Structures are given as structure tokens and as C-alpha cells.
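**Q** Would you mind keeping the following structure in view while I ask a few things?
Just so it is clear, none of the values below were taken in a lab; they were calculated from the coordinates. If you're wondering where the values come from, they're calculated on a predicted model, not measured in any experiment. Cβ atoms come from the backbone with ideal geometry, glycine included; neighbour counts cover every protein chain shown.
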Amino acid sequence: MTYFPHTPQEIREMLNTIGLESIEDLFSEIPEEIRQKAKENFKIPASPSEIDLLEEIKNIARKNIGKEYISFLGGGAYKHYIPPFVKLVSLFPTFYTAYTPYQPEISQGVLQSIFEYQSLICDLTGMEVANASLYEAGSGIAEAALMSVRITGKKEVIASSGLNPEYISVLKTYLQAQNIELKIIPLDEKGETDVDFLEKNISPKTSGVIIQNPNFFGVIETKLKDIEELIHKNNALFILSIYPISLGILKPPSEYNVDIVVGEGQSLGIPLGFGGPYLGILATKKEFIRQIPGRIVGETIDLEGERGFVNTLQTREQHIRRAKATSNICTNEALSAISAAVYMAILGKKGIKKIAEVCFSRAHYLRERMQKEVNLEITYPNSHFFNEFVIKIPENSENFLKKLEEKKILGGIPLSKFYKDRDKEILVAVTERNSLEELEYYIKSLKEVLKKN
């Protein structure tokens with residue numbers, strides 16, 4: 001909403017009300033000599049006109065040199081195309097507000113948008129219920145783990161090392177605070193969760209097992225059915241972290257009898273933003289609905305028989321007794337959820353499938369070119385992958401990536417950022433935003449950098 005400053009008349013009326021002569025009198029408690037020095041030091045020029053200000057900003061912008069960087073970064077946040085209509089709808093004044101009213105039923109539009117978001121997430125994942133969203137995937141995974149502990153009454157959680165290392169860090173923080181044991185299981189030679197190791201370590205004490213698919217290294221987990229049987233055999237819950245766009249071509253979690261689905265919703269129409277605000281997805285089976293964190297918006301009929309929306313469940317400590325709350329997270333990402341709902345509604349099943357197919361095909365095209373023409377080694381050459389893969393280079397990955405940056409390429413994420421012993425590996429991601437021309441330029445640049453070595 002546009003901000004209108006107070007008029008001189010309004011300022012005079014406010015000063016008269018509090019019995020002061022000028023705005024300066026509001027600072028009378030500050031010694032005169034300090035105020036005088038502040039005035040001298042600041043030397044703030046007179047306010048420019050709007051036209052002059054815009055010209056000044058343009059002049060500053062002209063100092064930027066070179067074209068935009070070509071990005072092959074991924075690892076949980078991806079550069080996908082966002083239709084302009086997503087921004088148009090999400091910036092409606094009725095949605096773009098600072099806070100949800102304390103009587104949320106007054107804002108039927110906001111509640112309906114959240115209801116539609118929940119419904120679309122259920123369509124995407126095949127699950128029965130979804131909440132109104134969480135902060136981001138890391139806290140969503142931690143909340144899912146705590147759900148499994150509350151539901152089973154057991155205090156041991158197992159997570160695959162294929163889980164995003166940043167999510168693992170958040171998970172450790174949450175569980176350590178509640179004295180819940182966390183076991184991390186390794187990957188096999190194909191880069192998938194080691195099922196044999198899981199079988200030896202899972203026990204009747206395990207409350208939940210967390211798998212990511214595709215995992216952090218881009219590898220698709222092909223043994224989810226075997227993992228599911230092991231988990232439920234031990235009366236634990238199956239928690240699956242997803243990359244929403246990949247579900248355009250991969251089976252939905254419901255087909256693997258997953259109990260709780262979590263994931264990062266940034267890829268659903270939310271721009272990259274230095275870590276946020278993003279969107280934590282959480283969906284589950286109906287039988288666990290009362291253990292879901294946050295809130296759920298439901299549909300009803302009012303006294304006049306008209307369709308209406310209400311907060312059906314609010315299990316946050318802000319609304320109920322602290323001891324009975326399922327979460328101390330008191331804010332959902334409503335605006336991000338609205339953006340995601342608009343994105344999914346615009347694209348539909350066919351659109352998301354098409355984007356997934358483009359990401360898949362271009363990533364496979366790039367990896368094949370890297371193997372055949374650049375002669376780069378692939379870390380998991382026999383694995384299936386969606387749109388990310390790991391390459392090995394002959395020198396320190398951070399130095400190598402700096403050389404690519406000189407060519408305006410963000411070549412990927414150095415795995416040394418998370419794993420000290422993997423200082424010659426890079427995680428490369430491809431989306432529909434990476435044109436064939438960009439892929440060709442990346443291959444050409446790789447050849448040039450490697451030739452100099």
C-alpha cells in the first residue's frame with residue numbers, strides 16, 4: 001500500500017495535542033551539543049524529486065559491467081521460470097499484508113487461498129492432508145521427525161546421509177534439544193541410501209526414517225519400496241523429503257506408502273532470495289492430522305448455506321496450551337504458499353510434467369556431453385538422476401569454480417562446503433531456465449579452463 005507522509009497541518013495538530021512547539025522538542029532530552037554535532041556530521045542534502053532520484057539510480061546501475069551470470073546452482077534452491085501472473089496475484093493488496101487477522105474468518109480470501117494451496121499439495125503428493133505451510137524444508141523435516149516421536153512414543157530417528165546437509169544440521173539442533181537420538185546412515189556405491197545398513201540399524205526403538213528423493217547429490221532412490229517395508233516392519237514412520245518439480249515425472253510419495261511428506265516449495269513460483277522467504281511443505285495421512293504442526297484451513301457452509309472457510313485446526317502454542325502444542329513455530333509462509341498455489345494452478349499437471357521433462361532431458365544432455373567431450377569423471381555414473389549430478393575435477397573445486405566465474409558462469413556447488421574430504425567435486429543443477437546455448441557455453445568454458453590446467 002502507498003505510504004502518505006503527514007501533512008504540516010497534521011503535524012501541528014499532533015504537537016498541539018502533546019503540548020510541544022516543534023518536532024525538535026521531541027529530542028529535548030538529548031544534550032544540545034550532541035544534537036548539533038549530529039547535524040554537522042550527517043550533512044544530509046535536500047530531498048531530490050522523484051524524477052531526479054530515478055535518474056540517479058539509473059546512473060548508478062549503468063556502472064554495472066557485463067552480462068548476467070549463467071547459473072548451474074541447485075542443492076535445494078533452483079532458478080525456475082515464474083510466470084508474471086504469479087507475482088500479479090500474490091501482490092494483490094488483499095494478499096500482500098503484514099499479518100493474518102486474529103479473527104482469520106474475516107479474511108475469507110486469504111483462507112480460501114491457503115485451502116487451495118493445501119488441496120494442490122495433496123494433489124501433487126497424493127497425500128490426504130497438508131498444513132498451511134512451514135518456514136522452509138529444514139524446519140519442516142525437523143517437525144516431521146518430532147511428529148514421528150509423538151505418534152510412536154519412541155525417541156530415535158534415522159536419516160539418510162543423502163539428505164541435504166543443511167537440513168541435517170537443523171534436524172540435529174531440534175532433536176538434540178529434546179534428547180532424541182539421531183542416526184545417520186550412509187549411501188551405497190550408486191549414491192543411494194544403503195538399504196543393508198538401514199536393515200542392520202533400524203529397530204523397534206526407531207520412531208521415523210527420513211529419506212530424500214532425489215537426494216542431495218541428485219540421485220533418484222530406486223529402492224523406496226524396500227525401504228518402506230523395512231520401516232513399517234519396525235513400526236516406524238516413513239518420512240520422505242521431495243523436490244516438488246520432480247513429481248512431474250516421478251511417482252508421488254503416496255504410491256510408496258509414505259507417512260509424512262516434507263519438502264522445499266521454493267521451486268513452485270518463488271524467486272531465489274538469499275535463503276528466503278521460502279516455503280516448507282508438510283503433508284501426511286489423515287490418521288495423523290492431529291499431530292500435524294501449524295494449522296489447517298477447512299471448508300464449511302455458513303448459516304446462509306454459502307461456501308466458507310475456517311481455521312479447522314490450530315495446534316500452535318500461540319492458540320492452545322503450550323504443553324498441548326505440536327509446534328512452537330507460530331507463522332506459516334502464507335504469501336509464499338499463495339504464490340505456490342497460483343503457480344501450480346496455472347501450470348496444472350501437464351505444465352509441471354513438461355517442466356520436469358525439460359529439466360530432466362537437459363541435465364542428462366549436459367552430463368553426457370561432459371563425459372564424452374570434456375572427459376570429466378562422474379561421481380555416481382550408474383545412478384538414475386533427475387536434474388542434478390556430481391562431477392569430479394582435477395583440482396580444488398573452489399579454485400576451479402572461480403575460473404568459471406571469470407567467464408560469467410556459476411558452475412555449481414563445491415561439495416567441500418559441506419564435506420571436507422570432497423574438495424574436488426561439484427554439484428551441478430540444470431533447470432528449464434538453462435537454454436541449449438547456455439549448455440553449449442558451459443561445455444566450451446569447461447574445455448578452456450581444463451586446457452589451461
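**Q** Counting other C-beta atoms within 10 Å, which of CYS122, CYS359 has the fewest, and how do the rest follow? Display every interim value, and only then the final one.
**A** On the way: CYS122 17, CYS359 27.
Final ranking by Cβ density, sparse to dense: CYS122, CYS359.
**Q** Longer than 31 Å from Cα to Cα, which of LYS200/LYS402; LYS324/LYS353; LYS190/LYS444 are they? Say none if no pair is.
**A** Details: LYS200/LYS402 43 Å; LYS324/LYS353 41 Å; LYS190/LYS444 29 Å.
Those over the limit are LYS200/LYS402; LYS324/LYS353.
**Q** Tell me, SER397, SER148, SER435 in order of fewest to most beta-carbon neighbours within 10 Å?
**A** Working: SER397 23, SER148 26, SER435 11.
The fewest-first ordering by Cβ neighbours comes to SER435, SER397, SER148.
**Q** Mean projection of the alpha-carbon convex hull of the stretch 84-345 over all orientations, in nm²? Spell out each step's value before the answer.
**A** Working: hull surface 57.5 nm².
If I average the Cα hull's projected area over directions, I get 14.4 nm².
**Q** On to the next question. Apply 1/(1 + (r/R0)^6) to the Cβ-Cβ distance of GLU287 and LYS408, taking R0 = 60 Å, and write down the FRET efficiency to the nearest 0.05. List each step's numbers first, then the result.
**A** Details: r = 52 Å, r/R0 = 0.86.
With R0 = 60 Å, the Cβ-Cβ based efficiency is 0.70.
**Q** Ok, one more. Suppose R0 equals 60 Å. What FRET efficiency, 1/(1 + (r/R0)^6) with r the Cβ-Cβ distance, do ASP196 and LEU53 give to the nearest 0.05?
**A** Working: r = 65 Å, r/R0 = 1.08.
For ASP196 and LEU53, the calculated efficiency is 0.40.
**Q** Going through the stretch 168-243, which GluC sites (Glu not before Pro) have at most 12 other Cβ atoms within 10 Å and a DSSP loop state? Kindly include the intermediate steps, with their values, before the conclusion.
**A** Details: sites: GLU181, GLU189, GLU192, GLU199, GLU221, GLU228, GLU229; in loops: GLU189, GLU192, GLU221.
Qualifying residues, ordered by number: GLU189.
**Q** State the antiparallel share, in %, of DSSP beta bridges confined to the chain, rounding to the nearest 5.
**A** Details: 26 of 47 bridges.
Antiparallel bridges make up about 55 percent of those DSSP assigns within the chain.
**Q** Using only DSSP helix segments of four residues or longer, with each worth -39500 (n - 2.57), what per-residue ellipticity at 222 nm results for the chain after dividing by its residue count and rounding to 500?
**A** That comes out to -12000 deg cm²/dmol.
**Q** Could you work out how much longer the chain between TYR441 and SER361 gets when fully extended? Use 0.36 nm per residue separation minus the Cα distance between them, nm to one decimal. Walk me through the intermediate numbers first.
**A** Values: separation 80, 0.36 × 80 = 28.80 nm, distance 1.73 nm.
That works out to 27.1 nm of additional length.
**Q** Explain nothing, just the number: relative contact order of the stretch 84-345, from Cα pairs under 8 Å at least 6 residues apart, as a whole percent.
**A** Values: 530 pairs, mean separation 71.1, N = 262.
Contact order relative to length: 27 percent.
**Q** Where does each of ILE220, ILE211, ILE281 land when they are ranked from fewest to most other beta-carbon atoms within 10 angstrom? Write out the running numbers ahead of the final one.
**A** Working: ILE220 16, ILE211 26, ILE281 29.
In order of increasing Cβ crowding within 10 Å: ILE220, ILE211, ILE281.
**Q** Okay, next question. LYS87 to GLU32: FRET efficiency via 1/(1 + (r/R0)^6), r the Cβ-Cβ distance, R0 56 Å, to the nearest 0.05? Don't jump to the answer; show the numbers that get you there.
**A** Working: r = 50 Å, r/R0 = 0.89.
Working from the Cβ atoms, E equals 0.65.
**Q** Using the basic label-point model (7 angstrom from Cα toward the beta carbon), what is the GLU448 to GLU13 distance in nanometres?
**A** Rounded to a tenth, the inter-label distance reads 6.5 nm.
**Q** Pop a pseudo-label 7 angstrom from the Cα along the beta-carbon direction at both ILE23 and GLN371 and give the gap in nm to one decimal.
**A** 6.7
**Q** Moving to a separate point now. How far is the Cα center of the stretch 106-182 from the Cα center of the stretch 358-390, in Å?
**A** Taking the Cα centre of each part, the stretch 106-182 and the stretch 358-390 sit 31 Å apart.
**Q** Over the chain, what is the relative contact order in whole percent, taking alpha-carbon pairs under 8 Å and six or more residues apart?
**A** Values: 786 pairs, mean separation 90.1, N = 453.
Relative contact order comes out at 20 percent.
**Q** Still on this model: Please list, in chain and number order, the residues 5+ apart from ILE409 or on another chain whose amide H is under 5 Å from its amide H, with Hs placed from the backbone.
**A** The answer is ILE70.
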